[in-house]
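Chemist: Questions regarding the structure given below will be posed in turn.
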Amino acid sequence: MKISVLAENTAKNDCYGAEHGLSMYLEIGEEKILFDTGASSLFIENAKKLGIDLSQVDKVIISHGHNDHGGGLQSFFSINQKAKVFVTARAFGRYFNDSNKDISIDASLLSTGRFVVYDEKLELVDNVEVLTCNNAKPRTAINCYGLKMVENSCLVDDDFKHEQYMVVEENGKRIVFSGCSHKGIINICEWLQPDVLIGGFHFMRIDDDKILQEAADQLNTFNADFYTCHCTGLKQYECLKQKMPRLHYLSSGDVLEIK
């Protein structure tokens, strides 16, 4: 499996652009999968620099209904006429950040007919599936960090039931992709038992090193390699890294091969 980071908060070097968002291009056997589209068309420009032809993408996964992960969809549709986009049933709800800014994905895109919407679990191809874990019992409390959603015309704490994860079984390894891990990175590891986990931890709001170190201790109980990015936070990553030798950071322009 080959993973190319097309958009992230940081860049490998000055050649690549960065933004608050996430997009990764995956080559899994013959499958070409786009995991998230970042906040803008930046992922397309970075893909060109990496020699990646996004017009040949077969499938798109949007990890959850926030526009820093699905904001580039319209731009993607302008260059790719064939790929289906896999989303959860709640992906096009209305979502707000902790400053009450609307961070929803443009719901008018549903009229394109490019979306496959599902509820709990869906097999994409052999050994590749997406799932929500919405009915799984959390090991640790889920903190919304001020993120909100609209329910029955009221603004309430986000329950993140719009979030999904992708699991790939390849060469005896279980590889899990998570955009922001809003349901809790420790919960996700408990539920999905990865050998490799790739994605954001959503620790960027945590300033207490003790809390981060306790999280590192819990993550170390899983026999996994971690490649994090985006909403983990650089300061938080450095704190975690002190106790997690199997933790690594991915930036725009990075290419990772898992064998």
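Chemist: Name the residues in the stretch 36-63 that are in contact with a His (Cβ under 9 Å, 6 or more places away or on another chain) and on the phi < 0 side of the Ramachandran plot, would you?
Modeler: 37, 39, 62, 63
Chemist: Right, something else. With the checklist (1) in a helix (DSSP H, G or I); (2) out of contact with any strand residue (DSSP E or B) (no Cβ under 6 Å at 6 or more places or on another chain) in hand, flag the one item residue 43 doesn't pass.
Modeler: So residue 43 meets the others, but not (2).
Chemist: Report yes if some residue within the stretch 38-53 is closer than 22 Å to residue 117 by Cβ and of a type in the set (D, E, K, R); otherwise report no.
Modeler: So far as the stretch 38-53 goes, no, none of its residues is closer than 22 Å to residue 117 by Cβ and of a type in the set (D, E, K, R).
Chemist: When the residues of the stretch 127-183 are filtered to those that are of a type outside the set (Gly, Ala, Ser) and at positive phi, which remaining residue is surrounded by the most Cβ atoms within 10 Å (Cβ to Cβ)?
Modeler: 160
Chemist: Taking the stretch 64-85 on its own, how many of its residues are assigned to a loop (DSSP other than H, G, I, E, B) and out of contact with any Cys (no Cβ under 7 Å at 6 or more places or on another chain)? Break it down into steps so the answer makes sense when it comes.
Modeler: Looking only at the stretch 64-85, we keep the residues that are assigned to a loop (DSSP other than H, G, I, E, B), and these are 64-65, 71-72, 80-83.
Among the residues that remain, those that are also out of contact with any Cys (no Cβ under 7 Å at 6 or more places or on another chain) are: 65, 71-72, 80-83.
Counting residues in the stretch 64-85 that are assigned to a loop (DSSP other than H, G, I, E, B) and out of contact with any Cys (no Cβ under 7 Å at 6 or more places or on another chain) gives 7.
Chemist: Sticking with this one: If you check residue 102 against the conditions, is it farther than 30 Å from residue 1 by Cβ and touching a residue at least 24 places away in the same chain (Cβ under 8 Å)?
Modeler: So residue 102 does not fit the description; no.
Chemist: State whether the residues of the stretch 214-235 include one that is within 25 Å of residue 47 (Cβ to Cβ), open to solvent by 10 Å² or more (accessible area, probe 1.4 Å) and touching a helix residue (DSSP H, G or I) at 6+ places or on another chain (Cβ under 9 Å).
Modeler: No: the stretch 214-235 contains no residue that is within 25 Å of residue 47 (Cβ to Cβ), open to solvent by 10 Å² or more (accessible area, probe 1.4 Å) and touching a helix residue (DSSP H, G or I) at 6+ places or on another chain (Cβ under 9 Å).
Chemist: Given the criterion part of a helix (DSSP H, G or I), open to solvent by 30 Å² or more (accessible area, probe 1.4 Å), over 27 Å from residue 43 (Cα atoms) and of a type outside the set (D, E, K, R), identify the matching residue among 211, 186.
Modeler: None of the other options fit; the residue is 211.
Chemist: Looking only at residues that are within 24 Å of residue 4 (Cα to Cα) and part of a loop (DSSP other than H, G, I, E, B) in the stretch 196-208, which one is most open to solvent (accessible area, probe 1.4 Å)? Please lay out each step first, then the result.
Modeler: So the first thing to find is which residues in the stretch 196-208 are within 24 Å of residue 4 (Cα to Cα), and the list is 196-204.
Among the residues that remain, those that are also part of a loop (DSSP other than H, G, I, E, B) are: 200-204.
Numbers: 200: 0, 201: 3, 202: 18, 203: 21, 204: 60 Å².
Among them, the one singled out is 204.
Chemist: Can residue 88 be described as of a type in the set (S, T, N, Q), buried (at least 22 other Cβ atoms within 10 Å of the Cβ) and in contact (Cβ under 8 Å) with a residue 60 or more places away in the chain?
Modeler: Yes: the conditions hold for residue 88.
Residue by residue, here is whether (1) more than 20 Å from residue 170 (Cα to Cα); (2) surrounded by fewer than 23 Cβ atoms within 10 Å (Cβ to Cβ); (3) at pLDDT below 95 holds:
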residue: 11; (1), (2), (3): yes, yes, no
residue: 15; (1), (2), (3): yes, yes, no
residue: 28; (1), (2), (3): no, yes, no
residue: 34; (1), (2), (3): no, no, no
residue: 44; (1), (2), (3): yes, yes, no
residue: 56; (1), (2), (3): yes, yes, no
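Chemist: Could you please let me know if residue 160 is out of contact with any helix residue (DSSP H, G or I) (no Cβ under 8 Å at 6 or more places or on another chain) and either free of Cβ contacts under 8 Å to residues at least 24 places away in the same chain or among the aromatic types (Phe, Trp, Tyr) (or both)?
Modeler: Judged against the criteria, residue 160 is a match.
The values are calculated or read from the model by the stated rules, or taken from the named source; none is laboratory data. Not measured: the values here are computed from a predicted model. FYI the Cβ positions are ideal-geometry reconstructions off the backbone, even for glycines, and counts take in every protein chain you see. In case anyone asks, the SASA skips ligands and DNA or RNA and just uses the protein heavy atoms, side chains included. Shrake-Rupley method; radii C 1.70, N 1.55, O 1.52, S 1.80 Å.
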